[in-house]
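What follows is a single structure, written as structure tokens, with notes after it.
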Amino acid sequence: MTLLIASLVAFSVVHLIPAVAPAVRRSLVSALGEIGFKALFSILSLATLFGVVRGWGAAAGPVLYAPPAWGWHVTPLFVLVAFILFVASRLPTNVRRKIRHPQLAAVKFWALGHLFSNGEWRSVVLFAGLIAWAVVAMIFINKRDGAWTKPGPFSKLQTTLSTLAGVVAYLVFMKLHLSIIGVSPFPG
């Protein structure tokens, strides 16, 4: 459990630095250059994510709650929304006109969806921890950036193609979920 918690905290700190401590980011960019900073950020992100995955896999603990029987049906729907939001966060779509932080919203949907079907201690720590990080990140980014100026508008075709890309990515990942994560996304 220690590795999971430590890695989750490290992941959160790495990802909060640009919003919470922009001076630290500027100083690192000054020292390393933009590409160097992005490389360091990527390496730290992957290392902490690897630690989270390893920590989750190694953690043992009690079941905190029994997920509802319908939770297995809700989780895939929340994850589908998460994939659509995640893809939309990277492309010029009208989703970005409606949601200020679609990537962080995607994390919250993904994590909350998993809490409907996972009640063991390690999953609650992971998914509730990621929801907390996403909420804190949104607060600090909003504080740093001030009032939101909505982008766009963008074409309906761009939004439709982005949504379709999110659905395709979701279907591919669901097909590979068992082999990648080691857990079937569907019961039975």
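By the Kirkwood approach, averaging reciprocal distances over each pair of separate Cα atoms, the chain gets a hydrodynamic radius of 18.0 Å. When the solvent-accessible area of segment 91-157 is split by element, carbon and sulfur atoms take up 67 percent of it, the probe being 1.4 Å.
Straight-line reach only, C-alpha to C-alpha below 19 angstrom: list the aspartates and glutamates that K108 could link to, leaving out same-chain residues fewer than 8 apart. Hits, sequence-local ones excluded: E120.
Computed with a 1.4 Å probe over protein heavy atoms only, the accessible surface of segment 1-151 comes to 54 Å² per residue. Taking 0.36 nm per residue of sequence separation and removing the Cα-Cα distance, the A58/S155 pair yields an extension gain of 30.3 nm.
FRET efficiency for the I43 to L171 pair, using the beta carbon distance and R₀ = 41 Å, is estimated at 0.85.
Count Lys and Arg as plus one, Asp and Glu as minus one, and take only other residues whose Cβ is under 15 Å from that of G57; the net charge is then +1. Peptide packing: for 101-113, 129-141, the average count of neighbouring Cβ atoms within 10 Å per residue gives the ranking 101-113, 129-141, highest mean first.
Estimated from helices alone, the mean residue ellipticity of the chain at 222 nm is -26500 deg cm²/dmol (sum of -39500 (n - 2.57) over DSSP H runs with n ≥ 4, per residue). The charge dipole of the chain, taken about its Cα centre with unit charges on the Cβ atoms of Lys, Arg (+1), Asp and Glu (-1) only, comes to about 600 debye. Taken over segment 47-106, the alpha-carbon convex hull comes to 127 cubic angstrom per residue.
Note on V74 and D145: their simple-model spin labels are 2.9 nm apart, each label 7 Å out from Cα toward Cβ.
The values are calculated or read from the model by the stated rules, or taken from the named source; none is laboratory data. This one's a predicted model, so the numbers in the text were calculated from it and none came from an experiment. FYI the Cβ positions are ideal-geometry reconstructions off the backbone, even for glycines, and counts take in every protein chain you see. Accessible surface is based on the protein model in full, side chains and every heavy atom, while ligands, DNA and RNA are left aside. Shrake-Rupley method; radii C 1.70, N 1.55, O 1.52, S 1.80 Å.
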